[in-house]
Amino acid sequence: MIPLLNKSYRLRWDAASITRRQAFMSVCATSNEEEIDKLGRADAERIIPFLTESSIILDVGCGVGRLEKQLCSYCREIYAFDVSHTMLKIARRRLEGISNVRLQNCNAARKIPFPEAMFDLCFSFHCLQHMEKEDSYLALKEIHRVLKPSAIAILHFPSFTSRTYYSLFKEMYNKRDNARVRSFTEPEVRTILTDVGFSDLKVEYTCLNRFVKPEEDSRDMLVTARS
């Protein structure tokens, strides 16, 4: 059973979110919901400047709905999906009563179930890193497809050259886990995003989650690009 769990994204993340506490730890390395929301607010602040009241936006890999809670009042609609049914179950409870958030199950590497040029902005935090790189490439192609021309994508990639993620790369015990963290170099990110059609890339090095130890100020790449 364990090998099957490790090979299936959906089963792997369903198993990682059997309980609310376990889901929070899997997503943010903290079980405190107030801290989860604080991280969500910090990430949302990076997105809000690009939004208007008429914006229709997409979250690829929404997990427990960290950002939806913070962004719903700044846009017209948020479509958010996750590969895990149990993560979405928790997200629905957390977002109950918010009328402009649409949650559904989806594997972005296969097909994002929306038409071309539907969204004004797409964001993805702590999601692409858990896919095989070939699958993250396919997901990025899908993200580009569903964005309007000149729309914004805000995408997170762990930096391979950081101490944090290079240490994970060297650890052999998790190499068979299909949802393990994959890190990227900046040239890789630029090559992939340019190839699928993005332009005007801006790369910021930062630390998105200080609950992940040890702290390192520049371990994450946050890329802003135009479709």
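The values are calculated or read from the model by the stated rules, or taken from the named source; none is laboratory data. Predicted model, so just to flag it, every value in this text is computed and none were measured. A quick note on method: Cβ atoms are made from the backbone with ideal geometry, for glycine too, and the neighbour counts reach across all protein chains shown.
In table form, for the structure just shown:
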read-out	value
Selected residue (criterion: surrounded by the most Cβ atoms within 10 Å (Cβ to Cβ)) from residues of the stretch 191-227 that are of a type in the set (Phe, Trp, Tyr) and more than 24 Å from residue 34 (Cα to Cα)	198
Hey, residue 158 surrounded by fewer than 16 Cβ atoms within 10 Å (Cβ to Cβ) and modelled with pLDDT of 95 or more or not	no
The stretch 178-227, subset in contact with a Pro (Cβ under 7 Å, 6 or more places away or on another chain) and in contact (Cβ under 8 Å) with a residue 60 or more places away in the chain, residue farthest from residue 124 (Cα to Cα)	219
Condition broken by residue 117, with the remaining ones in (1) of a type outside the set (Val, Ile, Thr); (2) surrounded by fewer than 17 Cβ atoms within 10 Å (Cβ to Cβ); (3) at pLDDT below 95 satisfied	(3)
Only listed residue being closer than 23 Å to residue 78 by Cα, touching a Gly at 6+ places or on another chain (Cβ under 8 Å) and part of a helix (DSSP H, G or I), chosen from 144, 126	144
Residue count, the stretch 76-105 (criterion: touching an Asp or Glu at 6+ places or on another chain (Cβ under 9 Å) and in a helix (DSSP H, G or I))	6
Filtered residues of the stretch 46-65 (kept if among the acidic types (Asp, Glu) and not in a loop (DSSP other than H, G, I, E, B))	59
Residue 182 more than 23 Å from residue 9 (Cα to Cα), surrounded by 14 or more Cβ atoms within 10 Å (Cβ to Cβ) and of a type in the set (D, E, K, R)	no
Selection count, the stretch 208-224, where residues are within 30 Å of residue 149 (Cα to Cα) and part of a loop (DSSP other than H, G, I, E, B)	1
Residues that are more than 17 Å from residue 17 (Cβ to Cβ), small (Gly, Ala, Ser) and in contact with a Cys (Cβ under 8 Å, 6 or more places away or on another chain), drawn from the stretch 55-96	55
Residues of the stretch 178-207 classified as of a type outside the set (S, T, N, Q), part of a loop (DSSP other than H, G, I, E, B) and touching a His at 6+ places or on another chain (Cβ under 9 Å), total	6
Lone qualifier among 132, 142 - being modelled with pLDDT under 95 and under 16 Å from the mean Cα position of the chain (by Cα)	132
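Conditions (1) over 14 Å from the mean Cα position of the chain (by Cα); (2) free of Cβ contacts under 8 Å to residues at least 60 places away in the same chain, marked per residue:
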residue: 32; (1), (2): yes, yes
residue: 38; (1), (2): yes, yes
residue: 60; (1), (2): no, no
residue: 72; (1), (2): yes, yes
residue: 93; (1), (2): yes, yes
residue: 100; (1), (2): yes, yes
residue: 108; (1), (2): no, yes
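Here's the yes/no breakdown for (1) in a loop (DSSP other than H, G, I, E, B); (2) in contact with a Pro (Cβ under 8 Å, 6 or more places away or on another chain); (3) crowded, with 20+ Cβ neighbours inside 10 Å:
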site	(1), (2), (3)
107	yes, no, no
134	no, no, no
140	no, no, yes
176	yes, yes, no
